[in-house]
Amino acid sequence: MARDASTIIGRGTHVRGRVTGDGNLEVQGRVDGDVALEGDVVVESGGLVASNVSARRIVVRGAVKGDLVASESISLEEGARVVGDLRAPRVAIVGGLVRGYVQSGDAQGAPRAAAKAVAARPAPAKALAASAPQASNGSPAKKAVAPAPSARRVESAPRAVTLAGGAPAPKHGPPPPVVRALKKGAKGALKKRA
Amino acid sequence: MASTVIGAGITIEGEVTADEDVVVQGTIRGKLSARDAVTVESGAVVEADVTSGPVSCAGAITGNITSTDRVDLQSGAKVVGNVKATRITIADGAQFKGNVDMDV
């Protein structure tokens, strides 16, 4: 179906954003943003794609900085410059320069991309309020040092803090920061006293 | 012959900047700037502010159009937004809602 529905990003054209849909795409200009198509993508010489590309077939004669994933084939031809991973059932590097990981064949190995560490957002104000009184049982110097590490620490155990809500401090949340804060504070205090 | 064509079935979300003609048959959301002519064909959807040379529209544009030249809304066009251009034509059968600014 895609044959006639051809999209051309011309030489003088710069696209910043996602390109999606079905149809063929020819890039002579520049695209910054993910390209995800059902059809074929051709990056012509002079064309530059600075993002990931996923399509049925990908032919590169220009420059790509990003991962290429094709459901059928990837072909890098003369003049291609690719920095990124290639993944497709068939990968042909006829010419050009590549830096990246290449995976051909049907084996869909686990993507190398690191799993996103989803850092839950804690309620910083509450966390600080909860940890402040405990930190304050030391010297004033310790008190000043306390908030930063405690706020950082809370990120790793946000659930305990948010669930606790009431006055009794949770067993897991606050203690580590106190230890840390004391360590840092103690050093500072020692230096000052020495 | 236009140098840049956004084919039917293609959606671009973001900004398109062109130093040449742009023909839209698909969908653009975001912003469209062209130094030259922009043609929005029948069936195309542009949800973006358009800044360009001459604009010819037979599709749908939602957004402000600023042209250094003329804007032609053809029959079947549907435009919602303000239009600023030196000349504007609205063909019978075109739908248009917005302000017109022609530098009187």
In region B:76-104, what residues are under 14 Å from the mean Cα position of the chain (by Cα), of a type in the set (S, T, N, Q) and farther than 18 Å from B:PRO54 by Cβ? B:GLN95
Need the failing condition index for B:ALA85 against (1) among the small types (Gly, Ala, Ser); (2) away from chain A (no Cβ under 14 Å); (3) closer than 28 Å to A:ASP22 by Cα, just the number. (3)
Is it the case that some residue within region A:68-77 is at pLDDT below 95, surrounded by fewer than 19 Cβ atoms within 10 Å (Cβ to Cβ) and outside any strand (DSSP E or B)? yes
Run down A:VAL31, A:VAL41, A:VAL82, A:VAL15 and say which single residue is touching a His at 6+ places or on another chain (Cβ under 9 Å) and in a strand (DSSP E or B). A:VAL31
Members of region B:1-52 found to be of a type outside the set (Lys, Arg), more than 7 Å from chain A (Cβ to nearest Cβ) and part of a loop (DSSP other than H, G, I, E, B), listed by number: B:MET1, B:ALA2, B:ASP21, B:GLN25, B:ASP36, B:ALA37, B:GLU41, B:SER42, B:GLY43, B:ALA44
Do the conditions hold for B:ASP92, that is, is it within 12 Å of B:ALA34 (Cβ to Cβ), among the charged types (D, E, K, R) and either in contact (Cβ under 8 Å) with a residue 12 or more places away in the chain or in contact with a Cys (Cβ under 6 Å, 6 or more places away or on another chain) (or both)? no
Among the residues listed as A:ARG57, A:ARG16, A:ARG99, the single one being surrounded by fewer than 20 Cβ atoms within 10 Å (Cβ to Cβ) and within 11 Å of chain B (Cβ to nearest Cβ): A:ARG16
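In this structure, is A:GLY47 under 22 Å from B:GLN25 (Cα atoms), in contact with a Gly (Cβ under 8 Å, 6 or more places away or on another chain) and more than 7 Å from chain B (Cβ to nearest Cβ)?
Answer is yes for this residue.
The values are calculated or read from the model by the stated rules, or taken from the named source; none is laboratory data. Note that the structure is predicted; figures quoted are calculated from it, not measured. Heads up, the Cβs are rebuilt from the backbone with ideal geometry, glycines too, and the neighbour counts pull from every protein chain shown.
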